[in-house]
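These notes are about the structure you will find just below.
Each reported figure results from applying straightforward, stated rules to the coordinates on display, with no laboratory input. It should be emphasised that the depicted structure is a prediction, and the values quoted were computed from it without experimental measurement. Don't worry about glycine lacking a Cβ; one is built from the backbone with ideal geometry, like all the others, and counts go over all protein chains shown.
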Amino acid sequence: MSEDTETLDLTTDEALLSSLAVHELGELKLEPFSLLRQTIAIDLCDRTPGFFNRLMTVWVCTLSPKDALKAHADSEDAKLKAFSWAEGRGYSLSNASELDAAYDRLEKEFAASANAHIRSGGNGEADPNVGGRPA
């Protein structure tokens, strides 16, 4: 593994807690990448990966839940605000390493928690409703 590669090897619980933990972007505290922010970021993003999607995802994590919902309600205004925020912090296509690092961390944690599976034989009992009608 190269020095530039970071691997997250997290248990299910660790992945979930990490994705909901407080993160920072420089001196700025990022809000947790909660279900609300994940959903809004997906709606704001384009269908092709790149700077735009990284910016939208990280920017949504700077918003309070109420402001995130406002961003979702007016996506055009939200996108303009996100770019204004980025320019105000000095980000550009050629100067985005801090933004990229924050995005990569959020995405890795989200992927780790989304790909988590229940361990077989957790408590030794089968789910009573597997394959049948509710009890």
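For F51, put the label point 7 Å out on the Cα→Cβ axis and report which residues of segment 68-97 keep their amide N under 16 Å from it.
80-97
What distance in nm lies between label points placed 7 Å from Cα along the C-beta direction at E98 and F83?
Reported label-point gap for E98 and F83 is 2.1 nm.
Please list the non-local residues whose amide H lies under 5 Å from the amide H of L30, H modeled 1.01 Å from N, same-chain partners needing a gap of 5 or more.
The list, which skips near neighbours in sequence, is H23, E24, L25.
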